[in-house]
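The values are calculated or read from the model by the stated rules, or taken from the named source; none is laboratory data. Because the structure is a prediction, the values reported are computed rather than measured. Every residue, glycine among them, receives a Cβ derived from its backbone with ideal geometry; neighbour counts consider all protein chains shown.
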Amino acid sequence: MSRGLIVFVREAQPGRVKTRLAADLGVGAATELYAAMQADVLESAASLADTRLLVFWAVEQGELPLFQALPRLEMFAQKGADLGERMAAAFETAFAGGISSCCIIGSDSPDLPRRYIEEAFQALELDRADVVFGPAEDGGYYLLGMRRLWGRLFEDVPWSTMHVLETSLERARELNLRSAMLPLWYDLDTLADLRRLAASDGSDAPRTRQALLHLADRLHSTTEAGTS
């Protein structure tokens, strides 16, 4: 069975990535942090065995960035008016290219355990579920997996709100799909998220952890400012 993992990323350009964190860390630091996160996510994804890696870039001018290739990496430009349309188009591209079980992740969870992605593929390939969700702590999802495109899953969803997962599960019920849930995980969107990763143990997300070491003084001073 042909597996495919879609990763949504964008170019690490100042002012266009991690804008919420940029307000606290500065634009330059937020951009460097995102570049580290992106590198960790792609390297981890490329380490999955027997899995095609499809990287979909959010580009401004329709041109893909210059990027050092990783094993099994295939690059595309994201297409669509909103996140739902862009994800649906990416899945359509994957299935049209011969992939039979496909998952999508973003670049905001550099320490996401690879075993969670493996669990998603197993649920699909062992026919335990039609669609797999990785629930995020902010009410969205960090992973979505399926074996065919159900466009309704991406329609009328309040993207970037705490109701994304809830609405998506409703869509799955409308379609009479069997849904499987992965363990809860988190995105790196706030200072609290950064401190959480910095305080955790492990060898995952090495570039992101190194970037956080460089930001340690700034994270500490921001904490003091917020409690004074």
Can you find, within the range 44-102, the residue that is farthest from W150 (Cα to Cα) among those that are of a type in the set (F, W, Y), outside any strand (DSSP E or B) and touching a residue at least 40 places away in the same chain (Cβ under 8 Å)? F95
Tell me, please, whether a residue that is assigned to a loop (DSSP other than H, G, I, E, B), acidic (D, E) and at positive phi can be found in the range 149-156. yes
Please work out which residue is modelled with the lowest pLDDT, limiting yourself to the range 215-225 and to residues that are out of contact with any helix residue (DSSP H, G or I) (no Cβ under 8 Å at 6 or more places or on another chain) and not hydrophobic (A, V, I, L, M, F, W, C). E224
Count, please, the residues in the range 4-37 that happen to be under 18 Å from Y116 (Cβ atoms) and part of a helix (DSSP H, G or I). 1
Give me the pairs: first residue in the range 169-180 and assigned to a helix (DSSP H, G or I), second residue not charged (D, E, K, R), beta-carbon distance under 6 Å, and six or more apart or on different chains, which are they? R171/L153; A172/V131; A172/S179
Return the only residue of V17, V41, V7 being in contact (Cβ under 8 Å) with a residue 40 or more places away in the chain, touching a helix residue (DSSP H, G or I) at 6+ places or on another chain (Cβ under 7 Å) and surrounded by 19 or more Cβ atoms within 10 Å (Cβ to Cβ). V7
Test S203 against the criterion of being within 18 Å of S44 (Cα to Cα) and surrounded by fewer than 20 Cβ atoms within 10 Å (Cβ to Cβ), and give yes or no. yes
Kindly indicate whether any position in the range 215-226 is farther than 24 Å from V41 by Cα, assigned to a loop (DSSP other than H, G, I, E, B) and hydrophobic (A, V, I, L, M, F, W, C). no
For D40, indicate whether it is farther than 23 Å from L112 by Cα, outside any strand (DSSP E or B) and touching a Ser or Thr at 6+ places or on another chain (Cβ under 7 Å). no
Test set (1) modelled with pLDDT under 95; (2) on the phi < 0 side of the Ramachandran plot; (3) within 20 Å of the chain's Cα centre (by Cα) - S160 fails condition number: (2)
Filter pass, A129 being of a type in the set (G, A, S), assigned to a helix (DSSP H, G or I) and over 21 Å from T161 (Cβ atoms): no
Regarding the range 145-158, can at least one residue be identified that is within 18 Å of A45 (Cβ to Cβ) and either out of contact with any His (no Cβ under 6 Å at 6 or more places or on another chain) or of a type in the set (S, T, Y) (or both)? yes
Among the residues of the range 114-126, is there at least one that is surrounded by fewer than 14 Cβ atoms within 10 Å (Cβ to Cβ), at pLDDT 95 or above, under 27 Å from R196 (Cα atoms) and in contact with a helix residue (DSSP H, G or I) (Cβ under 7 Å, 6 or more places away or on another chain)? yes
Can you find a residue that is out of contact with any Phe, Trp or Tyr (no Cβ under 7 Å at 6 or more places or on another chain), basic (K, R) and surrounded by 14 or more Cβ atoms within 10 Å (Cβ to Cβ) anywhere in the range 158-171? yes
Scan L143, L212 and give me the residue that is under 21 Å from the mean Cα position of the chain (by Cα), buried (at least 18 other Cβ atoms within 10 Å of the Cβ) and closer than 30 Å to L126 by Cα. L143
